[in-house]
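Worksheet: the structure to be examined is printed underneath.
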Amino acid sequence: QTVLDILSIRKDFPILNRKVNGYPLVYLDNAATSQTPQKVIDTIVDYYSRYNANIHRGVHTLSQEATDIYEQARQKIQKHFNAAKPQEIIFTSGTTHGINLVANGFASFLKNGDEIIVSALEHHSNIVPWQMLCERTGAVLKVIPMGLDGKLIMEEYHKLLSQRTKLVFCNHVSNALGTINPIEEIIEAAHKLGAAVLVDGAQAAPHLKADVQKLDVDFYVVSAHKMCGPTGVGMLYGKEEWLNKLPPYQGGGEMIAEVTFEKTTYADLPHKFEAGTPNICGGIAFGAALDYMNAIGFDAIAQYEHELLEYATKELLAIDGLKIYGELKEKTAVISFNIEGLHPYDIGSILDKLGVAVRTGHHCAQPIMDFYKIPGTVRASFSFYNTKEEVDILVASVKRAKSMLS
Ligand code: PMP
């Protein structure tokens, strides 16, 4: 049933040919960062080989070329996420930057006693900035609790909402468990009370295509490095009316209309939020990564990754003492597991010796680990370039680790 030509796709990723500790690399840490296809690598090389220049202010040819191609990348991102206007796409250094930009801006709107709601399934980057915001403003942080199935308890969310709620933050997909959160319901209910919603799409964007207008979400943030692009670049989508209301996050060049020592006026969107020289090459490569993934197709990617997930789940669960956390099926291709009596770090270290890259630990989501009363998990996260054969190697390696450690 496989819908993708995996062998030909794998040829696009030079790193997949390398060996680790004498074994062929089996890269199953895609939720931390994805690998980079040759087309994106070529885009980076091409930028530095042919038209590296600062943008938006040069009259010379190289600067104009770089500006045009950077702005084309913004339009590709706009189209991909179906934003209404290119100026609603702000280039950031990644998800963390996007969240901090919004949190910082809201500091000027919130007052003592206002409430903001986060989910129990968040990455630290979608917890800590809000705690810092609460400290600055006197706002109160409320948490939507989760169940053992790794899902948010939505009745509790509806109970938390009130006239005091000003903001709601939730990830679209949990990085620790792969849970796909009911963000449509979260957004609709928040909007009924006039609260804004920021969705952290870092883990969703590699697997599914979000339509920000259909979702009616106020802010959506992603990192390019999780979707075949380079590190150090990402996007913040914000509804134009919100971005106009928010104050700038950083001051500097590029973000001004006029500067005098008496008063400075700010540039229009998107430049108001893009102080300083941006990651020009990164933004352009982000556009190339979206082209690459869209050429494969997100429906085909989702279907294939789901096949891998089902197969890996069945094979791993056949191992005695192995427990998978959260939902088994209705999620993206992430499997977070432990083996009774063994420490996840020890399992991960042996897997590495066998060439298998997984993540171990709390996955920057300590509250989830506390909820399950565990120090961490072993997390295998799949991408469309992984194969069934690699799942077999993972399973065989986990069995080997188990027999070595028991
Ligand atoms: N949110 C989620 C759900 C994530 O998985 C990650 C990355 N692990 C982040 C935020 C932070 O992304 P970045 O480090 O690229 O800013």
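Data table
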quantity	calculated
Ranking of Glu65, Glu389 by count of other Cβ atoms within 10 Å, fewest first	Glu389, Glu65
Charged-residue dipole, Cβ positions (Lys, Arg, Asp, Glu), region 1-136 about Cα centre, Debye nearest 20	320 debye
Label zone at Asp42, where the point sits 7 Å out along the Cα-to-Cβ direction: region 201-236 residues whose backbone N lies under 19 Å	228-230
Unit charges on C-beta of K, R, D, E only; dipole of region 152-222, Debye	160 debye
Relative contact order %, the chain, counting alpha carbon pairs below 8 Å whose residues are six or more apart	23 percent
With at most 15 other Cβ atoms within 10 Å, longest stretch of the chain clear of loop chymotrypsin sites (Phe, Trp or Tyr not before Pro) (DSSP)	110-260
Dipole of the chain [Lys/Arg +1, Asp/Glu -1 at C-beta], most positive-end residue of Tyr304, Asn279, Ile347	Ile347
DSSP-assigned coil residues among trypsin sites (Lys or Arg not before Pro) in region 94-186, each with at most 10 further Cβ atoms within 10 Å	Lys111
Mean ellipticity per residue at 222 nm, deg cm²/dmol - from DSSP H runs of n ≥ 4 across the chain, formula -39500 (n - 2.57)	-11500 deg cm²/dmol
Principal axis box of region 41-294, alpha-carbon based, largest edge first, Å	58, 48, 27
The chain, dipole about Cα centre (Lys/Arg Cβ +1, Asp/Glu Cβ -1), debye to the nearest 20	560 debye
Amide H within-cut-off set for Val168, under 5 Å, with H built and near neighbours excluded	Ile117, Ala196, Val197, Leu198
Separation of the Met132 and Asp211 label points, Cα + 7 Å toward Cβ, nm	3.6 nm
Nonlocal amide H pairs with Ile256, under 5 Å, H built at 1.01 Å	Ala267
Alpha carbon centroid spacing (whole Å) that separates region 364-406 from region 110-144	31 Å
Radius 10 Å from Cβ of Asp149, net charge of other residues (Lys, Arg +1; Asp, Glu -1)	-1
Fully extended contour minus Cα-Cα distance, from Lys192 to Gln75, at 0.36 nm per residue	39.0 nm
Dipole of the chain, positive end: most advanced residue of Met255, Ala333, Val398 [Cβ charges, Cα centre]	Val398
Unit charges at the beta carbon, dipole of the chain: most positive-side option, Thr231, Val217, Ala83	Thr231
Neighbourhood charge, 10 Å Cβ-Cβ cut-off, centred on Lys239 and excluding it, Lys, Arg +1 and Asp, Glu -1	-3
Two-site FRET efficiency, Lys329 against Asn294, from Cβ-Cβ distance with R₀ of 30 Å, rounded to 0.05	0.70
Environment charge at Ala103 (Cβ cut-off 14 Å; Lys +1, Arg +1, Asp -1, Glu -1)	-3
Pairwise Cα inverse-distance average, inverted: Kirkwood Rh of region 130-239 (Å)	14.8 Å
DSSP-loop GluC sites (Glu not before Pro) across region 317-360, with at most 10 other Cβ within 10 angstrom	Glu340
FRET efficiency, Phe109 to Ala357 (Cβ-Cβ, R0 60 Å, nearest 0.05)	0.90
Violating pairs (Cα-Cα greater than 31 angstrom) within the set Lys226/Lys323; Lys209/Lys373; Lys142/Lys314; Lys226/Lys263	Lys209/Lys373; Lys142/Lys314; Lys226/Lys263
GNM top mover of Ala107, Ala202, Ala120 - the chain, alpha-carbon springs below 10 Å	Ala107
Additional length obtainable on full extension of the chain from Val3 to Tyr345, 0.36 nm per residue less Cα span	119.6 nm
Gap separating the Cα centres of region 10-47 and region 258-315, nearest whole Å	18 Å
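Rule-based calculations on the coordinates, nothing more; no lab input. Note that the coordinates shown come from a computational prediction; the quantities given were computed from them, not determined experimentally. When we count neighbours, we look across all protein chains shown, and the Cβ atoms used for this are built from the backbone with ideal geometry, even at glycine.
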